[in-house]
Amino acid sequence: MSSLPPIDKGTSDDNDAEECSNDEKIPEDTNNAQESTKQEEETQGDTQTSKDYYFDSYSHHGIHEEMLKDEVRTRTYQMAMLNNKHLFEGKIVLDVGCGTGILSMFAVQAGASHVYGVDCSSIIDHASRIVETNGFGDKITLIKAKMEDVELPVPYVDIIVSEWMGYFLLYESMLNTVLYARDKWLKKDGGVVFPDQAVLYICAIEDEQMKKERIDFWNDVYGFDMSALGEVALKEPVVDVRFCHFFIFHIIPTVILLRVLVVLHLTPFLCGFFKVVEPRAVVTNAAPILSIDIMKCKAEDLSFSSSFQLRPIRNDKVHAFVSYFECAFTRIDKPLGFSTSPWSTYTHWKQTIFYMTEAIYVQEGEELVGTVTCKPNQRNERDLNISISYKFEGQHSKYDGTTNYMLR
């Protein structure tokens, strides 16, 4: 499995992806279904899933503010489109999960003759006003509906744009909807999807302090053993933000610093210091576990099982696996893309952390091998059932087992 070709990293990519995804579940054979059901029983503490609040969550302006302020995200889309006006000039564009309409407006600026933006969230009501306010009312048609229920007034579109990526790349299953739109509406000869390539990676990290705070904390809570909740916490991948150690140990208290930056309108300054995973925490190389060509892939390809081999770059303890992804626009004159890796500029996707049941001590020259399996949850295809099986036989540690996770 190869990584993306060398690309110029955009300073940012932004759009509002809150499309109504395909309700059809990916077919599974009987054995996989039984295995998935067993895993869900292990990982589900209750029946509440993202399906219950998915659409409503994208109706609130706050989530769009976060995405729009993610300059890695937004600027990359903007550059990919505006720097390739020859691809958009006079073309019909479909914006899948249009949100506030930012990508639709970029498309018109790039020369599109007309853009159809589809979204089933009520944010599209505000997007209509935004489009009119900015003078694009005659060039952009917004449709409030599920993509699967839409009938466009044109036989095909020349370009599909969408910001469909979620945590762990596939969370919320919006790519399924993009693939549906591609198969039904994209011009068969010469049609383009923006972006068209994505790769998901895995590596291993040292994270003893945070594992103590998030998982081991439950072993002794004011003298009580609450490890039952620790087992639940372990099976929920972590996607959140923490300050780099620079701020943790800085003489200026973090709360005061935050207030000052907000008052002075300098919050973008924080992006360089917000991390989920600091680069120095990474203990191994990164291995690709999923490569997607969005022009060719099928919905069933998004349920995958992939082996990996990780090699330590130093002697250290390993407490967790970490995943991140890269996306690229390769069907343009100068390929462009972005990464959500620990070494890259902060994005709202951050990285996804999977804590191990027990830490292992690794040394240079040893090898950690394993398999990642991912499939949509049976109760709600927007959630993901993820299993990581790994085997390690080192000088100081040995492990052979599987941990099941649910990303919801």
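Some observations on this one:
- 5 angstrom amide H check on residue 140, placed H, neighbours 5+ away: 115
- With DNA, RNA and ligands ignored, accessible area of residue 189 (1.4 Å probe; Å², nearest 10): 130
- When 280, 182, 73, 379 are compared by accessible area of protein heavy atoms, the largest-first order is 280, 379, 182, 73, using a 1.4 Å probe.
- Karplus 3J(HN,Hα) series, Hz, for region 116-124 with 6.51 cos²θ - 1.76 cosθ + 1.60 (x for Gly, Pro): 10, x, 10, 7, 9, 8, 6, 4, 5
- Inter-label distance for residue 398 and residue 311, nm, one decimal - labels placed 7 Å from Cα along Cα-to-Cβ: 2.5
- Ordered by solvent-accessible area of protein heavy atoms (1.4 Å probe), largest first, the residues 185, 218, 343 come out as 343, 218, 185.
- Potential lengthening of the chain between residue 389 and residue 152 amounts to 80.8 nm, from the contour at 0.36 nm per residue minus the alpha-carbon distance.
- Amide H contacts for residue 289 (H built 1.01 Å from N in the peptide plane; partners 5 or more residues away or on another chain; cut-off under 5 Å): 200, 201, 202.
- For region 313-392, applying the loop criterion from DSSP together with a ceiling of 14 other beta carbons within 10 Å to the GluC sites (Glu not before Pro) yields 364, 367.
- Taking the protein heavy atoms of region 270-408 in the context of the full set of protein chains, the accessible area attributed to carbon and sulfur is 45 percent at 1.4 Å.
- Additional length obtainable on full extension of the chain from residue 357 to residue 217, 0.36 nm per residue less Cα span: 49.0 nm
- Listed cross-link partners 85/187; 350/398; 235/298; 91/188 are compared with a 23 Å cut-off, the Cα-Cα value being larger for 350/398; 235/298.
- For region 280-305 versus region 106-132, the gap between their alpha-carbon centres in whole angstrom: 31
- Note, ³J(HN,Hα) from phi for region 328-342, Karplus 6.51, -1.76, 1.60, rounded to Hz, x at Gly and Pro: 8, 9, 9, 9, 10, 4, 10, x, 9, x, 8, 10, 10, 6, x
- Whole-Hz ³J(HN,Hα) from phi, Karplus 6.51 cos²θ - 1.76 cosθ + 1.60, for region 353-368, glycine and proline x: 10, 10, 6, 7, 5, 8, 6, 10, 9, 10, 9, 3, x, 8, 9, 10
- Here the contact order of region 273-357, divided by its residue count and restricted to Cα pairs under 8 Å and six or more residues apart, works out to 33 percent.
- Residues in region 300-340 that a label on residue 367 would reach, taking backbone N under 13 Å of a point 7 Å out along Cα→Cβ: 308-312
- The apolar share of the surface of region 75-162, taken as the fraction of accessible area on carbon and sulfur atoms (1.4 Å probe, ligands and nucleic acids excluded), comes to 49 percent.
- Two-site label geometry, residue 188 and residue 113: point separation in nm, points 7 Å out along Cα→Cβ: 2.1
The values are calculated or read from the model by the stated rules, or taken from the named source; none is laboratory data. Note that the structure is a prediction, hence the values are computed from the model and not measured. We place every Cβ from the backbone using ideal geometry, glycine too, and count neighbours over all the protein chains shown. Areas reflect the complete protein model, heavy atoms only, side chains present, ligands, DNA and RNA absent. Shrake-Rupley method; radii C 1.70, N 1.55, O 1.52, S 1.80 Å.
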